[in-house]
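For reference, the structure discussed in these notes is given below.
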Amino acid sequence: MKFSVPRDALIRPLQLVSGVVERRQTLPVLSNLLVVLENNQISLTGTDLEVELIGRLSIDGPASDGEVTIPAKKLMDIVKSLPDDAMITFSTDESRVIVTSGRSRFTLSTLPASEFPNVEDEQDNLTFGVDQQVLKGLIDATSFAMAQQDVRYYLNGMLLEIYQGHMRTVATDGHRLAMSSVEMDVVTEGRRQVIIPRKGILELARLLGEGTGEVQVSIGSNHVRVKTPGFTFTSKLVDGKFPDYERVLPKGGDKVIVAERAECKSIFGRAAILSNEKYRGVRIILHDGNLQVLANNPEQEEAEENMAVDYDGERLELGFNVNYLLDVFNVINGDQVQMIMSDPNSSTLIHDAENKGSLYVVMPMRL
């Protein structure tokens, strides 16, 4: 195998595909990338057996086909360190691959391509197209609420739900819930729900990045696949049942607050500085159009913030994990947020005051 490729054409697919590869692997070949050259098209494949990402790029000039696996981190470090306008040449020599650029030459060990695992191809039973930024928006609006290493393994990921004319993402860690929906042209019988693991969601969000245009989403019985013009992303699904999230959405809240999102973000951010580092609790007092935020810590330090809000209900006092509120204010895009509460022991519903496409539920804290 031999080919040459400009560094600026190689760097992005290499960065994305390398991101899937785990440093510490039980199988040595999993720390390598599979590089295949066929008909002047290079494909780079990285996998950890749960998530697989294939990047493709076309090359010009003479080339000889072949396939090889190359250590992912070493190759990434070499390519990153070369000049932006470098031309990089790859050639194989028995069990080595030689990477040359200008006066630089690197010889890397390889492993047989036949050892590289293949994600099994199974029949897709639901395929649809969706705008790349719409899918990215759904992920960005909800991914922060995914659990991390929870024993309830089905929470360590995101629910993707397809139902007549809609697509929805839902994530929860048991203390807060994020839900975002869009209308789209998709036909399916009943509701189709799949849980995509946390790593798959994070890698998919990186892949979608700033790209535009339509991507194709295919859902099988145990995998989800997303195809863009340059990449194919495949993730295994979490085998479990997601909680009935609609039961968690608070109903009947009679205390409605409308406030400036940017100001909320600022005052809660400042109060957080003096909150308890472990529990991150802040106290909120609502009364006569004023929102008061109080925080203190074991060092007897205190913070007090006040802001004017649109609220004319009775006095209400409740506690929250300030990080949960800040996460919500960070992903809402509108100028104003609406918070719907009922009492100190009930969850609060938060959404953009102008757009209810995304809903957020935050459970209160006892302080």
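The values are calculated or read from the model by the stated rules, or taken from the named source; none is laboratory data. Treat the numbers as computed from the prediction; the structure is a model and nothing was measured. Positions of Cβ are backbone-derived with ideal geometry, glycine not excepted, and every protein chain shown enters the neighbour counts. The protein model used for the area step is the full one, side chains on, heavy atoms only, and it has no ligands, DNA or RNA in it. Shrake-Rupley method; radii C 1.70, N 1.55, O 1.52, S 1.80 Å.
FRET efficiency for Ser81 and Val134, Cβ-Cβ distance as r, R0 = 35 Å, nearest 0.05?
With R0 = 35 Å, the Cβ-Cβ based efficiency is 0.40.
Below 11 angstrom from the Cβ of Asn276, what's the summed charge of the other residues (Lys, Arg +1; Asp, Glu -1)? Numbers along the way, then the final one.
Working: positive: Lys278, Arg280; negative: Glu277, Glu299, Glu301.
Result for the neighbourhood of Asn276: -1.
When all protein chains stay in place, what accessible area (Å², nearest 10, 1.4 Å probe) is found for Val119?
Here the residue's solvent-accessible area equals roughly 40 Å².
For an R0 of 25 angstrom, estimate the FRET efficiency from the Cβ-Cβ distance between Tyr153 and Ser221 and round to the nearest 0.05.
Numbers: r = 18 Å, r/R0 = 0.73.
E between Tyr153 and Ser221, to the nearest 0.05, is 0.85.
So how strong a dipole does the stretch 244-291 carry about its Cα centre when Lys and Arg Cβ are +1 and Asp and Glu Cβ are -1, to the nearest 20 debye?
Numbers: 9 positive and 7 negative charges, 40 e Å.
Here the stretch 244-291 has a charge dipole of around 200 debye.
Net charge around Thr232, counting only other residues with Cβ within less than 13 Å of its Cβ (Lys, Arg = +1; Asp, Glu = -1)?
Details: positive: Arg56, Arg225, Lys227; negative: Glu52, Asp121, Asp124, Glu203.
Residues close to Thr232 contribute a combined charge of -1.
May I have the pair-distance distribution P(r) for the stretch 124-246, computed from all Cα-Cα distances with 10 Å bins from 0 and rounded to whole percent?
14, 50, 33, 4
In cubic angstrom, how much convex hull volume per residue do the alpha carbon atoms of the stretch 119-166 span?
Cα-based convex hull of the stretch 119-166, divided per residue, equals 141 Å³.
State, in angstrom, two size descriptors of the chain derived from its alpha carbons: Rg to one decimal place and Dmax to the nearest whole number.
Reported Rg and Dmax, both Å: 24.8, 79.
Extension gain Asn118-Glu277, at 0.36 nm per residue separation less the Cα-Cα distance, in nm?
Gain on stretching Asn118 to Glu277: 52.7 nm.
Would you mind giving the three semi-axes, in whole Å and largest first, of the ellipsoid equivalent to the stretch 243-367 according to its Cα gyration tensor? Mind dumping the intermediate values first?
Values: eigenvalues 95, 52, 44 Å².
So the equivalent ellipsoid measures 22, 16, 15 Å along its semi-axes.
Could you work out how far helix 198-208 tilts from the main Cα principal axis of the chain, as a 0 to 90 degree angle to the nearest 10?
70
Rounded if a/c is under 1.5, else prolate if a/b beats b/c, else oblate: with a ≥ b ≥ c from the C-alpha gyration tensor eigenvalues square-rooted, which is the stretch 1-45?
Working: a/c = 2.94, a/b = 1.63, b/c = 1.80.
In terms of gyration-tensor shape, oblate.
Report, to the nearest 10°, how far helix 132-142 tilts away from the longest principal axis of the Cα atoms in the chain, using its own Cα long axis and a range of 0 to 90°.
50
At Gln300 and Glu246, where each label point lies 7 Å from the Cα along Cα→Cβ, what is the point-to-point distance in nanometres?
5.4
Find the centroid of the Cα atoms in the stretch 90-115 and in the stretch 9-67, then give the distance between the two in whole Å.
14
Would you work out which of Gly46, Gly61, Ala86 lies farthest towards the positive end of the dipole of the stretch 32-89, given +1 charges on the beta-carbon of Lys and Arg and -1 on that of Asp and Glu, about the Cα centre?
Ala86
Could you work out the equivalent-ellipsoid semi-axes for the stretch 1-157, taking the square root of 5 times each eigenvalue of the Cα gyration tensor, largest first, in whole Å?
Values: eigenvalues 193, 68, 56 Å².
Semi-axes from the Cα gyration tensor: 31, 18, 17 Å.
Against the empirical 2.2 N^0.38 Å scaling, what ratio does the C-alpha Rg of the stretch 10-93 come to? Working shown, then result.
Details: Rg = 12.7 Å, N = 84, 2.2 N^0.38 = 11.8 Å.
Rg over 2.2 N^0.38 Å, computed on Cα atoms: 1.07.
Please determine, in degrees from 0 to 90 and to the nearest 10, the orientation of helix 322-331 with respect to the longest principal axis defined by the Cα atoms of the chain, where the helix direction is its Cα long axis.
60
Under a Cβ-Cβ cut-off of 13 Å, what is the net charge of the residues other than Asp352 that fall near it, where Lys and Arg count +1 and Asp and Glu count -1? Present the calculation step by step, with values, prior to reporting the outcome.
On the way: positive: Arg261, Lys356; negative: Glu260, Asp335, Glu354.
Computed value for this residue: -1.
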